[in-house]
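**Q** Mind having a look at this structure? Questions to follow.
No lab work stands behind these numbers, since they all come straight from the coordinates. Small disclaimer: the values here were computed from a predicted structure and weren't measured. Cβ: placed from backbone, ideal geometry, glycine included. Neighbour counts: every protein chain shown.
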């Protein structure tokens, strides 16, 4: 059964706070991974992946091979990171090179969102503020790095990265929820019809 974009958007919005929950449980466990932190991470990333699937359907990065490849590559990175999440759920105290290999796709997934966000912004298929939301999601990683450099290992960094992630990933889910799937007659258009896009972004009549 195919999951609609609206459902994917709802799931993306609902999953947005789970990185914050993961951080809370991680600290509570003495800065160690647990099955609970792995579960939170998995929920968070599945919601994120659902939003990327919807962006693919919407052709948000354009109709070019490069634009679609970027979104598929983002999904691939998230899939690899989800393997690590599932691994942590089953065996949270694991170590070794293979475990670290999959773990590396956590930061890779975040960094690659900069490329994904840039591709969506460049394609101009989304209108208004929605066009910049994926790039805003991608900025989470450099934002967190800058906070770390400025404040070190402090609560400011934890609250800052958590607050940013909740807002950014919620907005990504909201974009997916509100934008319509292109009709067959508009699939190859350079952008979603203005009337539909304006309505989807809240500018149309209720």
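**Q** Sorted from fewest to most neighbouring beta carbons within 10 Å, what does the list 120, 10, 156 look like?
**A** With the fewest neighbours first, 120, 10, 156 line up as 156, 10, 120.
**Q** May I pose another question? Could you bin all the Cα-Cα distances of the chain into 5 Å bins starting at 0 and give me the percent of pairs in each, rounded to whole numbers?
**A** It works out to 1, 8, 14, 19, 20, 15, 10, 7, 4, 2, 0, 0, in whole percents.
**Q** Over the Cα atoms of segment 52-97, each weighted equally, I'd like the Debye log10 I(q)/I(0) at q = 0.24, 0.29 Å⁻¹, rounded to two decimals.
**A** The Debye formula, applied to the Cα set alone, gives -0.78, -0.98.
**Q** Given contacts defined as C-alpha pairs under 8 Å and at least six residues apart, what's the relative contact order of segment 5-200, whole-number percent? Let's see the in-between values first.
**A** Working: 297 pairs, mean separation 58.3, N = 196.
Once normalised by length, the contact order is 30 percent.
**Q** Working only with C-alpha atoms, what are the Rg and Dmax values of segment 25-84, expressed in angstrom?
**A** 14.8, 47
**Q** Could you line up 103, 41 from fewest to most neighbouring Cβ atoms inside 10 Å? Let's see the in-between values first.
**A** On the way: 103 19, 41 24.
The most exposed by this proxy come first: 103, 41.
**Q** Which value at 222 nm does the chain reach when only helices count, each DSSP H run of 4 or more adding -39,500 (n - 2.57), with the total divided by all residues and rounded to the nearest 500 deg cm²/dmol?
**A** Result for the chain, helices only: -23000 deg cm²/dmol.
**Q** With a/c under 1.5 counting as rounded, go ahead and sort segment 74-176 into rounded, prolate or oblate using the C-alpha gyration tensor (a ≥ b ≥ c being the square roots of the eigenvalues; past the cut-off, prolate if a/b is larger than b/c, else oblate).
**A** Because a/c hits 1.5 or more and a/b fails to exceed b/c, segment 74-176 counts as oblate.
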